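J.: Please read through the structure below; I'll follow up with questions.
Computed from the coordinates by the stated procedures, all read-outs in this text should not be read as laboratory data. Remember, it's a predicted structure, so these values are computed and weren't measured experimentally. Positions of Cβ are backbone-derived with ideal geometry, glycine not excepted, and every protein chain shown enters the neighbour counts.
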Amino acid sequence: MSSTLTNLVYHIVFSTKGREPMIIADIRDELYRYIGGIIRGEGGTLLQIGGMPDHLHLVVKLKPTHELAKIMQKIKGNSSKWVNIQNRFKGRFAWQVGYGAFSVSESQIPVVVGYVKNQANHHQKLSFRDEFTLILERHQVEYDEQYLWR
């Protein structure tokens, strides 16, 4: 084969530090656009972004040359710095250490995009803690409960 052909799509989930409700309506849409700009600047494609005041979901298409950990470091580092520069609320904005990242097959992209779009509906019935645990279990990711919520 003379070229590298990929379709690398990820569903990424991460929360604010301490799961504090810091993604307030006043800044949410701008934050989403800013994160989209970071991803585009790195050569990726943001397919969907959504979440709640205490966490975000991204559906992202990346190139095989991308290192997910480095992309996440840029997304979280640059966006938290940007939010703090905006100075729209008391306290310091920060993301929790770590994230969850799950591969998405092409046939499931519309399902995952729909899920991310409808976060408000999902969280009427399910807490973030329950949601994230369920995602980990569906993807058969082993985890230690004592380290999951630090």
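J.: Tell me, what is the FRET efficiency for residue 126 and residue 45 to the nearest 0.05, using R0 = 22 angstrom and their Cβ-Cβ distance as r?
T.: E(calc), rounded to 0.05, equals 0.20.
J.: Measuring from centroid to centroid over Cα atoms, what is the spacing of region 1-18 and region 99-130 in Å?
T.: Spelled out, the Cα-based centre of one part sits 15 Å from the other.
J.: Let me make sure I get this right: for the chain, a, b and c are the square roots of the gyration tensor eigenvalues over alpha carbons, sorted descending. Under 1.5 in a/c it's rounded, otherwise prolate if a/b > b/c, else oblate. Which is it?
T.: Verdict is oblate for the chain.
J.: Evaluate the charge dipole of the chain about its Cα centre and quote only its size in Debye, nearest 20, assuming +1 on the Cβ of each Lys and Arg and -1 on the Cβ of each Asp and Glu.
T.: 540
J.: Which far-off residues, 5 or more places away or on another chain, put their amide H under 5 Å from the one on residue 95, with H placed in the peptide plane?
T.: It is 17, by chain and number.
J.: Still on this structure: Can you pick out the pairs among 63/90; 17/125; 63/125; 17/70 whose Cα atoms lie more than 31 Å from each other?
T.: 63/90; 63/125
J.: While we're looking at this one, here's another question. Using helices alone, what [θ] at 222 nm do you get for the chain, with -39,500 (n - 2.57) per DSSP H run of 4 or more residues, divided over all residues and rounded to the nearest 500?
T.: -13000 deg cm²/dmol
J.: Another question, if that's okay. Starting from the 7 Å offset along Cα-to-Cβ, what nm value, one decimal, do you get for the label separation of residue 34 and residue 144?
T.: 3.4
J.: With unit charges on the beta carbons (Lys and Arg positive, Asp and Glu negative) and the dipole taken about the Cα centre of region 45-150, which residue among 123, 143, 97 sits farthest to the positive side?
T.: Among 123, 143, 97, the one farthest towards the positive end of the dipole of region 45-150 is 97.
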